[in-house]
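J.: Okay, handing you the structure first.
The values are calculated or read from the model by the stated rules, or taken from the named source; none is laboratory data. Not measured: the values here are computed from a predicted model. Glycine also receives a Cβ, built like all others from the backbone with ideal geometry; neighbour counts cover every protein chain displayed. Accessible surface areas use protein heavy atoms only, side chains included; no ligands, DNA or RNA. Shrake-Rupley method; radii C 1.70, N 1.55, O 1.52, S 1.80 Å.
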Amino acid sequence: MHHQLIRALTLAIIALGLGVSVQAPASAVIDRDCGDFASQAAAQNFYLNAGAGDPHRLDDDGDGVACESNPCPCIGRGNTAPQQFANTGTTQTQPQNQTQQGQRTYRETGNVVRVTDGDTLRVRLRGGAHVSVRMLGIDTPERGRCGADAATANLRRLAPVGSTVHLVSDRTQAAKDRYGRLLRYVGRKGGYGDLSFRQAWDGYTRPYVFGGKPVARHREYVRAIGHASSHARGAWKGCW
């Protein structure tokens, strides 16, 4: 009788252990991308609360600002209070803290360190500084949206890591955006002289105007976009 009792208790403990080992977690971890958030502020707040290491990969260029191309309201590195900037489709109201229209033309040369997405590059300038560059006049699909991966891959083909690029500002636009990224036309040495135009021609952007003020090359880009649309190139083939 004593041995039977010990055996029964042993079996009960084993069964309890098996039950604990196969018990499902109370909640599953859901991976998020920028397309899941209605605004940059919403993405930034989620990013700050998600813990160290950026587990959802919302900050591709590692500058502490998540989903930089999402619509506003927007907040910067480490902030939690959104700045209310108006946004209507692809035409946005000039934010108060963004540099006003350029007083001069800036020119820089450097080498591509990273392609962040279809319209943003990380560049090491000749002086050694690393800067983020937002290409002027275009707005490619956001990460997680249809066409985003293809737009990024196309820019990596146009400006591979290590290639030399020439950067030129537009006097009709600000020199930097609200995140401190340089706003520039980008041309590759030995390649295409205007990568914004090429992304438009290849079908990875729609007409884009910021602050109601088109870039100086806007008409060229619109013609390229129209040609891509009519020939179903790039994202025009199945995304738009």
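J.: Compute the relative contact order of the stretch 101-240 as a whole-number percentage, counting only Cα pairs closer than 8 Å that sit 6 or more residues apart in sequence.
T.: After rounding, I find 26 percent.
J.: Taking the Cα atoms of the stretch 171-240, report the difference between the largest and smallest coordinate on each principal axis, in whole Å and largest first.
T.: 34, 33, 21
J.: Starting from the amide H of Thr140, placed 1.01 Å from N in the peptide plane, find each other amide H under 5 Å away whose residue is 5 or more places distant or on another chain.
T.: Hits under the 5 Å cutoff: Asp119.
J.: Evaluate the distance, in nm, between pseudo-label points positioned 7 Å from the Cα of Thr105 and of Lys189 along their respective Cα→Cβ axes.
T.: 2.0
J.: Placing +1 on the Cβ of each Lys and Arg and -1 on the Cβ of each Asp and Glu in the stretch 101-224, which of Ala148, Gly137, Leu125 has its Cα farthest towards the positive end of the resulting dipole?
T.: After comparing all options, I get Leu125.
J.: Taking the square root of 5 times each eigenvalue of the Cα gyration tensor, what semi-axes in Å does the equivalent ellipsoid of the stretch 131-223 have, largest first?
T.: Values: eigenvalues 68, 54, 38 Å².
Ellipsoid half-lengths, sorted descending, are 18, 16, 14 Å.
J.: For the stretch 202-216 and the stretch 106-183, what is the separation of their Cα centres, given in Å?
T.: When both Cα centres are located, 15 Å separates them.
J.: So, one more: Roughly how many nanometres apart are two label points built 7 Å out from the Cα toward the Cβ at Ala216 and His130?
T.: 3.1
J.: Something else about it: Under a 1.4 angstrom probe, counting protein chains only, how are Ile75, Ile30 ranked by accessible area, largest first?
T.: Details: Ile75 5, Ile30 115 Å².
The most accessible residue leads, giving Ile30, Ile75.
J.: Now for a different question. Give me the one-decimal nm value for the distance between modelled label points at Val113 and Arg171, 7 Å along each residue's Cα-to-Cβ direction.
T.: Output for this residue pair reads 3.1 nm.
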